[in-house]
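Each value in this text was obtained by applying a stated rule to the coordinates, not by laboratory testing. The shown structure was predicted, so the numbers you read here are calculated from the model rather than taken from an experiment. With ideal geometry, Cβ positions are generated from the backbone for all residues, glycine too; neighbour counts draw on all protein chains shown.
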Amino acid sequence: MGSIRKYVAELIGTMVLVIMGCGTAMTVGCDAVLGGGYILTALAFGLAIVALAYSVGNISGCHVNPAVSIAFWIQGDLKTKEFCGYIISQTIGALLGAFVLKGVFSLGEITDMTKALGSNGIAGVKDSIAAGLIVECILTFIFVFAILGVTSKKAGHGHVAGLVIGLTLVLVHILGIGLTGTSVNPARSLGPAIVAAIFGNTTPIADVWIFIAGPLAGAVLATVVYRFLDPAEQTE
């Protein structure tokens, strides 16, 4: 029963993240000249994580992101069965969040941006697949590296961990939005891309693999580097 509660928490958490983050991007847009949409979207994703960290964090750890889950699985803090359950729950949550956004925004005028449901893309890196992968790998490395540090057993930052993680997500979004839309989260990318494709917009789904491979690679790299820098953490 405990695992079921964790899966439900991850599902709800990922759904909320997609609704608040992608929904804000759909609402305010992302204007590279004015930049206001960048900041608002970055804050929406980061503040959503802060809120979730202090609400479902005590239940599931508030991963709401397969990249985070794979890091904790490598660390040995997540069993393989639970890891699989987390990935499935996060993906379902992202899909539900995207369906909610589709339903809400369908009540009004649907613009090109809302048709994409806040999906990621590589237009900001001139449609370069290599650049997109590198950007997502680097951004996810930074994000997951911070998570591993602030949640380490000897750090003693449990009471502020959610705030640090949320602010780090804001940080990577500020740079990444103009490049790839910032994924650092395969579920957050996959859900909106699938729902957009269901309703006729197949553009996001064509590149969605970039936002699965890049973040997962970045998360694995961050975990390997962190384990090298702090090997004592693994034996405590």
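Note the full-extension length gain between D230 and I198 as 0.36 nm times their separation in residues minus their Cα-Cα distance, in nm to one decimal.
The D230-I198 span can extend by a further 7.0 nm.
Counting other beta carbons within 10 Å of each residue's own, what order do W209, W73 fall into, fewest first? Don't jump to the answer; show the numbers that get you there.
On the way: W209 15, W73 21.
Starting with the residue having the fewest Cβ neighbours, the order is W209, W73.
Using Cβ contacts closer than 10 Å as the measure, can you line up F228, F141 from fewest to most?
Ordered by Cβ neighbours within 10 Å, fewest first: F228, F141.
Determine the principal axes of the Cα atoms in the range 8-72, then give the extent along each, sorted from largest to smallest and rounded to whole angstroms.
Per principal axis, max minus min of the Cα coordinates gives 40, 21, 16 Å.
Where does the chain land at 222 nm, in deg cm²/dmol rounded to the nearest 500, when only DSSP H runs of n ≥ 4 count, each adding -39500 (n - 2.57), divided by all residues?
Value at 222 nm, helices only: -23000 deg cm²/dmol.
Remind me, relative contact order of the chain in percent, using alpha carbon pairs under 8 angstrom and six or more residues apart? Before the final figure, lay out the partial values.
On the way: 399 pairs, mean separation 66.7, N = 236.
Across the chain, relative contact order equals 28 percent.
If each residue of separation counts as 0.36 nm, what is the full-extension length gain between S3 and A206 once their alpha-carbon separation is subtracted?
Contour length minus Cα-Cα distance gives 69.7 nm.
What are the principal axis extents of the Cα atoms in the range 53-92, in Å, biggest first?
Ordered largest first, the range 53-92 gives principal extents of 24, 22, 15 Å.
I want to check the label-to-label distance for T27 and S128. Put each point 7 Å from Cα in the C-beta direction and report it in nm to one decimal.
3.5
State whether the chain is rounded, prolate or oblate according to the following rule on the C-alpha gyration tensor (a ≥ b ≥ c being the square roots of its eigenvalues): a/c under 1.5 gives rounded; otherwise a/b larger than b/c gives prolate, and the remaining case gives oblate.
In terms of gyration-tensor shape, prolate.
Only counting other Cβ atoms within 10 Å, I'd like T27, T151 sorted with the fewest neighbours first.
Neighbour counts put them in this order, fewest first: T27, T151.
May I have the count of lysine pairs in the chain with C-alpha atoms under 19 Å apart, counting pairs 8 or more residues apart or located on different chains?
4
So what is the orientation-averaged projected area of the range 124-181, using the convex hull of its C-alpha atoms, in nm²?
On the way: hull surface 15.2 nm².
Answer in nm², one decimal: 3.8.
Does the range 110-214 classify as rounded, prolate or oblate by the C-alpha gyration tensor (a ≥ b ≥ c root eigenvalues; a/c under 1.5 gives rounded; else a/b over b/c gives prolate, otherwise oblate)?
prolate
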